[in-house]
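Enquirer: A single structure is presented below for examination.
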Amino acid sequence: MAGFRRSAPTIDRPLTAELDRVNVVTLHAANPGPMTGSGNWTYLLPGPHPLLVDAGVGHAGHLDAVVAAAPGGPAVVVVTHAHADHVSGAPALRARAPAARFLKVPWPESDAAWDVPWEVLADGQELETADGPLQVVHTPGHAPDHIVLWHEASRTAFTGDLLVRGTTVVIPASRGGVLADYLRSLRRLAALGPRRALPAHGPVIDDPLAVIDGYLAHRREREQQVLDALSGGAATIPAIVARLYQGLHPALVAMAEESVLAHLVLLEGEARVARDGAAWRLAG
Ligand SMILES: [Zn+2]
């Protein structure tokens, strides 16, 4: 069956014939919350060896939907990165589908938290599906193990947390996030010429190149704001956050601090800022 459908109400658009070359069953992980927004999407590519992109969180409704779409369970579960909303359902999936293989790019200190016999995925590796190969594209930055799965025939990218329509992506700089890597990963995805991105959060992205351009512009703007805050006398991350994000909800301060740290680390790598303990200054 050709086509593309979502199992829960969300924004969707008709596909052109050219794009309509990959059959994807979209399954919601049933995990709405402060960190996941309306929750995660997982994607099942059916066929003789069904492949599931991301494991969800082990919610019974998600597990039921996976097994309904792929009787016997998926043959292969590919995890885009080891953040809990993408990986924590792996042991529950394994209990439902004992023969399933679990694949990801290694991030040893995080992967060990889940009782699953992980198989190592590598950049450039191809995974067979009923609609042709998916290519593994290592896209670190949001997390060191982050991947995109690329379906060349339909120019579709399964983008995990690389892109989210309507917002930027958090770079958790104190927990494996590296902004310079993230920007490189965005450019790498852009170079593939994607026509459609299927993200783990939010609606399908029909104009991924425009979203990437917007992200790159936003990062440049944010970088200038960080430099301006430093030259204006803000020397610590909380002081920079207070200048950049006025009126920020207290629950979001830690995330904003991670984002500012990510920018500072990038600028430090370019020898444009320097630090002494918790204090930062313009270099030179
Ligand atoms: Zn994530």
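Enquirer: Do you know which residues across segment 93-135 are open to solvent by less than 30 Å² (accessible area, probe 1.4 Å) and away from the ligand (no atom under 16 Å from the Cβ)?
Expert: Leu93, Ala97, Ala100, Phe102, Leu103, Val116, Leu121, Leu127, Thr129, Gly132, Leu134
Enquirer: Okay, next question. Does Asp145 satisfy being at pLDDT 95 or above, touching a Phe, Trp or Tyr at 6+ places or on another chain (Cβ under 7 Å) and charged (D, E, K, R)? Walk me through it before giving the result.
Expert: On the way: at pLDDT 95 or above: yes; touching a Phe, Trp or Tyr at 6+ places or on another chain (Cβ under 7 Å): yes; charged (D, E, K, R): yes.
Yes.
Enquirer: I need the full set of residues from segment 57-80 which are within 16 Å of the ligand (Cβ to nearest atom) and without any contact (Cβ under 8 Å) to a residue 60 or more places away in the chain, in order please.
Expert: First pass over segment 57-80, keeping only residues within 16 Å of the ligand (Cβ to nearest atom): 57, 78-80.
Answer for segment 57-80, where residues must be within 16 Å of the ligand (Cβ to nearest atom) and without any contact (Cβ under 8 Å) to a residue 60 or more places away in the chain: Val57, Val79.
Enquirer: Please enumerate the residues belonging to segment 1-53 that are of a type in the set (A, V, I, L, M), at pLDDT below 50 and closer than 19 Å to Pro71 by Cβ.
Expert: Met1
Enquirer: Right, another one. Please give the number of the condition His83 fails out of (1) closer than 25 Å to Gly37 by Cα; (2) within 16 Å of the ligand (Cβ to nearest atom); (3) without any contact (Cβ under 8 Å) to a residue 40 or more places away in the chain.
Expert: Only one criterion in (1) closer than 25 Å to Gly37 by Cα; (2) within 16 Å of the ligand (Cβ to nearest atom); (3) without any contact (Cβ under 8 Å) to a residue 40 or more places away in the chain is unmet by His83, namely (3).
Enquirer: When the residues of segment 148-164 are narrowed to those that are of a type in the set (Gly, Ala, Ser) and in contact (Cβ under 8 Å) with a residue 60 or more places away in the chain, which ends up farthest from the ligand (Cβ to nearest atom)?
Expert: If we filter segment 148-164 for residues that are of a type in the set (Gly, Ala, Ser), which is where we start, we get 153-154, 157, 160.
In the following step, the residues that additionally are in contact (Cβ under 8 Å) with a residue 60 or more places away in the chain were identified as 153-154, 160.
Values: Ala153: 27, Ser154: 24, Gly160: 7 Å.
Checking each candidate, the answer is Ala153.
Enquirer: Taking the condition farther than 19 Å from Leu103 by Cβ, outside the structural domain of Leu261 (by TED's automatic domain parsing) and either part of a loop (DSSP other than H, G, I, E, B) or within 14 Å of the ligand (Cβ to nearest atom) (or both), does Gly214 pass?
Expert: Values: farther than 19 Å from Leu103 by Cβ: yes; outside the structural domain of Leu261 (by TED's automatic domain parsing): yes; either part of a loop (DSSP other than H, G, I, E, B) or within 14 Å of the ligand (Cβ to nearest atom) (or both): no.
Taking the combined requirement at face value, the residue does not satisfy it.
Enquirer: Can you pull out every residue in segment 217-232 that is touching a helix residue (DSSP H, G or I) at 6+ places or on another chain (Cβ under 9 Å) and within 26 Å of Ser38 (Cβ to Cβ)?
Expert: Of segment 217-232, the ones touching a helix residue (DSSP H, G or I) at 6+ places or on another chain (Cβ under 9 Å) are 219, 222-223, 225-230, 232.
Selection gives Arg219, Arg222.
Enquirer: Only one residue in Leu227, Leu267 is in contact with an Asp or Glu (Cβ under 8 Å, 6 or more places away or on another chain) and either within 17 Å of Leu179 (Cα to Cα) or in a helix (DSSP H, G or I) (or both), so which one is that?
Expert: Values: Leu227 fails: in contact with an Asp or Glu (Cβ under 8 Å, 6 or more places away or on another chain).
Answer to the check: Leu267.
Enquirer: Go through segment 171-201 and report how many residues are within 15 Å of the ligand (Cβ to nearest atom), buried (at least 17 other Cβ atoms within 10 Å of the Cβ) and assigned to a loop (DSSP other than H, G, I, E, B).
Expert: Going through segment 171-201 one residue at a time, the tally reaches 8.
Enquirer: Within segment 228-238, track down each residue that is surrounded by 17 or more Cβ atoms within 10 Å (Cβ to Cβ) and not β-branched (Val, Ile, Thr).
Expert: Keep residues of segment 228-238 that are surrounded by 17 or more Cβ atoms within 10 Å (Cβ to Cβ), which gives 229-230, 234, 237.
Within segment 228-238, Ala229, Leu230, Ala234 qualify.
Enquirer: Moving on. Of the numbered conditions (1) surrounded by fewer than 22 Cβ atoms within 10 Å (Cβ to Cβ); (2) in a loop (DSSP other than H, G, I, E, B), Leu209 satisfies every one except a single condition; which is it?
Expert: (2)
Enquirer: Is it the case, given these coordinates, that Thr167 is within 16 Å of the ligand (Cβ to nearest atom), outside any loop (DSSP other than H, G, I, E, B) and among the hydroxyl-bearing types (Ser, Thr, Tyr)?
Expert: On the way: within 16 Å of the ligand (Cβ to nearest atom): yes; outside any loop (DSSP other than H, G, I, E, B): no; among the hydroxyl-bearing types (Ser, Thr, Tyr): yes.
Spelling it out, it is not the case that Thr167 is within 16 Å of the ligand (Cβ to nearest atom), outside any loop (DSSP other than H, G, I, E, B) and among the hydroxyl-bearing types (Ser, Thr, Tyr).
The values are calculated or read from the model by the stated rules, or taken from the named source; none is laboratory data. None of the values given here were measured: they were computed from a predicted structure. With ideal geometry, Cβ positions are generated from the backbone for all residues, glycine too; neighbour counts draw on all protein chains shown. Ligands, DNA and RNA are stripped out before the accessible areas are found, and what is left, the full protein with its side chains, is counted by its heavy atoms. Shrake-Rupley method; radii C 1.70, N 1.55, O 1.52, S 1.80 Å.
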